[in-house]
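The structure appears below as structure tokens.
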Amino acid sequence: MSATTSTVTATYTVTGMTCGHCVSSVTDEVTKVPGVRSVDVDLATGQVTVGADGPLDDTAVAAAVEEAGYTVTSAPKERSGSCCGTCH
Ligand SMILES: [Cu+2]
């Protein structure tokens, strides 16, 4: 039951997360962003990988992370799927 068929994936770096509760807070908020299908948080590195149906709204994701009480420190490092590095 782990199959996700996201068309776009982006990885954000988030600071301020220190425990599993932080992880679930971020996951909870980012999941609410329209189009988001999957949220995968790596607490050790602060990397949040977001999978979406269509083009991801970086601003909305950053706002959701801030809503949870944390900060996105870097724009997506990786992008795959239907988006390319120059189409934003
Ligand atoms: Cu915490």
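The values are calculated or read from the model by the stated rules, or taken from the named source; none is laboratory data. All values derive from a computational prediction rather than experimental measurement. Using ideal geometry, Cβ is built from the backbone for each residue, glycine included, and neighbour counts are taken over all protein chains shown.
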ask   = Does the stretch 13-32 contain at least one residue that is away from the ligand (no atom under 16 Å from the Cβ) and assigned to a loop (DSSP other than H, G, I, E, B)?
value = yes
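Residues of the stretch 51-72 being part of a strand (DSSP E or B) and either within 13 Å of Gly16 (Cβ to Cβ) or in contact with a Phe, Trp or Tyr (Cβ under 7 Å, 6 or more places away or on another chain) (or both), which ones?
We begin by selecting, within the stretch 51-72, every residue part of a strand (DSSP E or B); these are 51-52, 71-72.
Passing the criteria: Thr71, Val72.
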Exercise for review: Tell me, yes or no, whether the stretch 55-71 has at least one residue that is at pLDDT 95 or above, on the phi > 0 side of the Ramachandran plot and surrounded by fewer than 16 Cβ atoms within 10 Å (Cβ to Cβ).
Suggested key: yes
